[in-house]
Amino acid sequence: MGPNQDFPRNQWYVAAYASEVGEQLFARTVCDEPLVLWRTTGGEVVALADRCVHRRFPLSQSQRVGDTIVCGYHGFTYDGGGSCVAVPGQTRIPRTARVRAYPVVEQDSFVWVWIGDPERADAAAIPRAPWLADDAWTTVRGMEPLAARHSLLMDNLMDLSHETYLHGGYIGTPEVAATPIETEVDEEAGVVRVSRHMADAECPPFYAESTGLRGRITRWQDIEFRPPCLYVLHSRVAPVGVRPEPDGSDPNAFHVKVVYALTPETATSTHDFWNVARDFARDDENVSRFLTENNRTVVLQDVTCLNALEQILQRDGANYQELSINIDTGALAARRLVAKQVQAAQPAPAT
Amino acid sequence: MSGVVYRVHWQPGSDTLLGTCHCGAEHLAEDPIELWTWLLAHPAGHEPFPAADEPSLEVGVVR
């Protein structure tokens, strides 16, 4: 998904956190499409193209009246389905007076939007992140704007060996980069899994401070990425040697779900939604505060790195051959699945 | 889980990757691009024994 490629359009993307969308009109661009979102009086989230059909004034800068938007320029009035229900000075409403409405689903604390062909929008296909809306877990979250293309964030998250070098002193320790990975691609389900299990590792401050563990740890990182948008890192830390029980329970370990939604804004910018859900110290405000600050610092380290890479890619263009090694096995798989999704959305060649 | 699953196992203590196709064929490589090229070529070259002389994929260009 670089500047010369289209987005996988027939896919669900996270447009916002549910908590961001209320009665006020809310603007966000997804896959180069400016959207206006709001919550109706019935509590339902709707998304329309953020352009009045008349002179393209942004509806997000207009007035909300009941469950309609009245354009702030000339008063064209739209309902939540995008139909124009009133125009100024005349009774006839032109047949073409409507703005595009996008399928929307609110699920797992996210507002998901379907950018492609509405006929193909299947809510059952939205990947799940149930921990984010489950009382048994406590979640801290944020969203950072990234001035870099989606593929750069995807590469970053699919290869966690960078934690050792970019995030040392936060989440990185020497063992991350030193430990081999297992990679699995489920072609039909559209999932890439990358696992790195460290049997005896230093405990980085992110986990030492939040769990209270002081010695060396067993640290498991199990990534599940469902391209193009939802990334889950199942993180398990425990004192060295502590394994799950034979019955599958795991009472002596600490579990964190690090959930990212990678949503393209434009060809060269991305919405970087990040969540850290934990099953321990759930009511401890100090732990929540620490994890929020620590993880935001880590995300901003990525943002600085990826923004620099984006500038380099734009400057160097295609006059560059990258090099991939074993640590890139999962990222290469994720790139291929996204390329397949882009291809699948292309119109079939004429016969 | 569907029936089309590819697996890549990085053999500990080595630089070697062992790829397993959904058909059960296996292949050793020290380059993930070479290994993915072999896996995705299924069924070409997926004889029951590891092949030694598969061509490498050109190193890709970031887009």
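Using a 1.4 Å probe on the protein chains only, how many percent of the accessible area of the protein assembly as shown belongs to carbon and sulfur? Don't skip to the end; give the middle numbers.
Details: 9580 of 18940 Å².
Summing carbon and sulfur atoms, their accessible area is 51 percent of the total for the protein assembly as shown.
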* To do: Leaving out ligands and nucleic acids, note down the accessible area per residue over segment A:231-351 with a 1.4 angstrom probe, in whole Å².
  => 48 Å²
* To do: For chain A, set up a Gaussian network in which alpha carbons nearer than 10 Å are linked by springs, and say which option among A:His150, A:His234, A:His271 fluctuates the most.
  => A:His234
* Asked: Buried accessible area for the B:A pair, summed, 1.4 Å probe, in Å² rounded to 100?
  -> 2400 Å²
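For segment A:1-114, what does the alpha-carbon gyration tensor say about shape, rounded, prolate or oblate, given a ≥ b ≥ c as the root eigenvalues, a/c under 1.5 as rounded, and a/b over b/c as prolate? Each step should come with its number before you reach the end.
Details: a/c = 2.20, a/b = 1.42, b/c = 1.55.
Note, shape of segment A:1-114 comes out oblate.
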* Where Rh is the Kirkwood radius over Cα pairs, Rg/Rh for the protein assembly as shown -> 1.01
* To do: Select from A:Thr77, A:Thr96, A:Thr304 the residue whose mean-square fluctuation is largest in a Gaussian network model of chain A (Cα-Cα springs shorter than 10 Å).
  => A:Thr96
* Structure fact -> Stretched fully, the stretch from A:Asn252 through A:Arg289 gains (0.36 nm per residue minus C-alpha distance, one decimal, in nm) 11.0 nm
* Structure fact -> If each K or R counts +1 and each D or E counts -1, the residues other than A:Thr297 whose Cβ falls under 15 Å of its Cβ total -3
* Asked: Which Cys in chain A stand alone, with every other cysteine's Cβ at 4.7 Å or more from theirs?
  -> A:Cys31, A:Cys84, A:Cys203, A:Cys229, A:Cys305
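Could you tally the net charge around B:Pro12, taking each other residue with its Cβ under 14 Å from the Cβ of B:Pro12, Lys/Arg +1 and Asp/Glu -1? Kindly include the intermediate steps, with their values, before the conclusion.
Values: positive: A:Arg196; negative: A:Glu175, A:Glu182, A:Asp200, B:Asp15.
Charge balance in the 14 Å sphere: -3.
Roughly speaking, what is the stretch gain from A:Ser19 to A:His74, that is 0.36 nm per residue apart minus the C-alpha to C-alpha distance, in nm to one decimal? Let's see the in-between values first.
Numbers: separation 55, 0.36 × 55 = 19.80 nm, distance 3.07 nm.
Length gained between A:Ser19 and A:His74: 16.7 nm.
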* Asked: Can you tell which of A:Val46, A:Val85, A:Val30 shows the greatest fluctuation in a Gaussian network model of chain A with Cα springs below 10 Å?
  -> A:Val85
* List for segment A:158-200: residues with 40 Å² or greater reduction in accessible area, all protein chains versus chain alone, probe 1.4 Å? -> A:Pro180, A:Glu182, A:Thr183, A:Glu184, A:Val185, A:Asp186, A:Glu187, A:Glu188
* How much net charge surrounds A:Ser19 when only the other residues with a Cβ under 11 Å from the Cβ of A:Ser19 are counted, with Lys and Arg +1 and Asp and Glu -1? -> 0
* **Positions from segment B:16-32 whose accessible area shrinks by 30 Å² or more when the full protein complex is built, not the chain alone, probe 1.4 Å** => B:Pro32
* **Alpha-carbon centroids, segment A:24-39 and segment A:234-255: separation in whole Å** => 41 Å
* FRET E, pair A:Asp134, A:Leu300, Förster distance 25 Å, beta-carbon r, rounded to 0.05 -> 0.35
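How much area per residue is accessible in segment A:58-134 when the probe is 1.4 Å and only protein heavy atoms are counted (Å²)? Kindly include the intermediate steps, with their values, before the conclusion.
On the way: 3980 Å² over 77 residues.
Here the per-residue accessible area is 52 Å².
The values are calculated or read from the model by the stated rules, or taken from the named source; none is laboratory data. Computed from a predicted model, the values in this text were never measured in an experiment. So basically every Cβ, Gly included, is an ideal-geometry build from the backbone, and we count neighbours across all protein chains shown. These area figures cover heavy atoms from the full protein model, side chains too; ligands, DNA and RNA do not enter into them. Shrake-Rupley method; radii C 1.70, N 1.55, O 1.52, S 1.80 Å.
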